[in-house]
Structures are given as structure tokens and as C-alpha cells.
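We did not get these values from a lab; they are worked out from the coordinates using the rules stated. Note that the coordinates shown come from a computational prediction; the quantities given were computed from them, not determined experimentally.
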């Protein structure tokens with residue numbers, strides 16, 4: 001008779017906690033991130049939310065305390081008054097009122113954006129894909145201009161525009177008239193190129209394989225055709241990011257139009273909104289409504305190109 005020997009039951013092993021540690025650490029990290037980002041988001045969104053709320057309030061309720069985040073008695077008087085020349089005053093709004101301001105801003109911002117996309121892309125392609133003596137040194141000089149505050153070049157740019165030959169009554173030496181001052185030329189052409197746009201596009205174009213360009217050259221494409229048919233279509237995300245930056249800056253620019261423009265029919269939206277700020281007589285409801293309308297194009301532009309904007313920033317090496 002054979003005896004069967006059974007092995008003693010194995011002692012229950014304690015469940016390993018090692019796999020759970022990364023999960024716990026990740027949850028703690030996410031909690032910390034949300035604890036920082038949520039108050040920061042509220043801090044940035046709260047002023048805009050109050051602006052929208054104030055645009056639907058009566059004048060006497062705008063600065064009430066505590067602030068009314070949801071208007072108790074909403075009204076459209078601010079928007080009606082802003083677009084009504086009779087209520088806001090013809091002298092305050094110019095010959096065609098607020099619509100003229102926004103049309104001017106749209107024309108200037110769109111023109112500057114188109115010019116910058118073309119010229120910045122050309123320069124970026126040259127610095128990224130063309131080899132010539134002194135290329136890196138010239139590019140560093142372009143980057144150095146980003147360190148110069150725009151206020152430093154304000155007066156030199158003003159004098160250059162004033163003495164443009166054959167424009168605004170000027171003679172061949174640029175004297176006798178006002179040149180490009182008080183004109184759309186003075187608002188658009190000084191912003192046709194930017195060092196930041198060149199830098200952003202160059203960083204992106206450097207990631208495009210040279211083999212694609214060489215293949216196009218072998219097929220008989222010239223240098224401009226390579227740029228236009230190969231490089232430019234592949235640079236869509238970076239172009240979208242550059243377009244958003246450029247359009248936003250040109251739309252909200254106040255100081256340069258204030259210096260250049262003197263005729264009310266050429267006022268941009270920021271200059272027009274400033275007319276409502278008068279000592280002891282500021283029309284706050286009209287100003288709030290106009291500010292909301294002025295921010296809508298920038299918000300819509302960002303929402304439309306949001307995905308390409310983020311992709312262009314991340315692939316251009318400008319991560320935070």
C-alpha cells in the first residue's frame with residue numbers, strides 16, 4: 001500500500017503594492033496640477049466673465065458690490081447704444097460709427113496677417129533650408145531685434161513713415177507732406193515682417209526632411225516652386241500658429257494706430273473704444289458692450305484654429 005504524501009498548503013502571499021505606487025503617484029500629481037491650474041484658470045476667466053455680464057447690465061448696476069455675475073435685470077441697451085450713432089454721438093464714433101472701426105481693424109489685421117505669412121515663410125525657408133555664408137549670424141541678428149522694446153523704435157518708425165518719398169505730398173527727398181502718416185499704408189506695411197514669425201516658422205521647417213525637397217528639385221522644380229508646393233503645404237500647423245499670433249496682435253494694437261492715425265474714419269476698434277473713456281463722463285455700458293464685440297474675432301479665430309495652433313507650437317520647439 002502506497003502512502004500519498006500531500007504538500008502542505010502554501011502560505012498566502014501578500015499582494016504586492018508595487019504596481020499601485022505609480023497609480024497613486026499619478027493621482028497625486030494630477031491632484032496637484034488641478035489644484036494649481038483651476039484657480040489659475042478662474043483668475044484669467046473671471047475678468048472676461050465679468051465683462052460679459054457687465055455688458056448686459058444697466059449703468060448703475062455695473063459697479064455694484066458684490067458684483068453681479070448673472071445680471072438681475074439684463075438689458076441690451078449697451079449694445080444698442082454702442083452701434084447707434086445717435087445715442088453714442090456722431091463726433092464720438094466718426095463718420096460711420098462703430099462698424100467703421102471694426103471694418104478698419106479687420107482690413108488692417110487681415111492684411112498684416114497675409115503679408116507676414118508670406119514674407120515670414122520666405123525668410124524662414126531661406127534660414128532653414130538654404131545654405132549661404134553668414135546665414136546663422138544674420139538669423140541671430142533677427143532674433144536680437146526681439147529683445148528691443150517696440151517703444152524704442154516708435155519715433156524712428158514714425159519719422160520713416162513721415163518722409164516716404166512721393167506719398168502724402170512728399171517730394172523726391174521725402175519732404176513737404178505727411179508721407180504714410182494717417183493712412184492704411186502706415187498701419188499695414190510696418191508690420192509686414194516679424195522676427196518672431198520667422199523664428200517660429202524656421203523651427204518648424206527645419207523638421208521637414210531634405211529628401212522631399214531634393215526629390216522635387218530632381219523633378220525639375222525651381223526653388224520658389226519647392227517652397228510653394230512642398231514646404232508651405234507641410235508647414236500648415238506653424239502657419240496657423242503664426243496667423244493667430246499675428247492677427248491677435250494687429251487687432252488689439254493701440255499705441256501704433258494712436259501715433260499714426262489722426263482721421264476718425266481710419267480709427268481701428270481699440271482707438272474707437274478709447275473715445276468712450278472721458279473724464280467724469282465714461283459710458284461704461286457702451287464701453288463694456290464694445291469690448292465684448294471687439295474680443296469676439298480673436299476668440300473665434302483661436303477656436304477655429306485651436307488644434308493646428310497647439311500642434312504648430314508643440315512641433316516648433318516652443319513648449320512651456
- [ ] Using only Cα atoms, locate the centre of region 43-59 and the centre of region 218-233, then give the distance between them in Å, rounded to an integer.
- [x] 49 Å
Open item on the list: For Cα pairs less than 8 Å apart in space and 6+ apart in sequence, what is the mean separation divided by the residue count of region 89-315, i.e. the relative contact order in percent?
Closed with: 31 percent
Open item on the list: Based on alpha-carbon atoms only, what is the radius of gyration of region 183-258 relative to the globular estimate 2.2 N^0.38 Å?
Closed with: 1.41
Task: Contact order relative to length of region 26-75, as percent, for alpha carbon pairs under 8 angstrom and 6 or more apart - done: 31 percent
Task: Pairs of alpha carbons in region 26-75 whose separation is greater than 18 Å (percent) - done: 46 percent
Task: Debye log10 I(q)/I(0) for region 89-315, one point scatterer per Cα, at q = 0.14, 0.15, 0.18 Å⁻¹ - done: -1.00, -1.09, -1.30
- [ ] May I ask you to derive the relative contact order of region 209-311, considering only C-alpha pairs under 8 Å and at least 6 residues apart, and to give it as an integer percent?
- [x] 34 percent
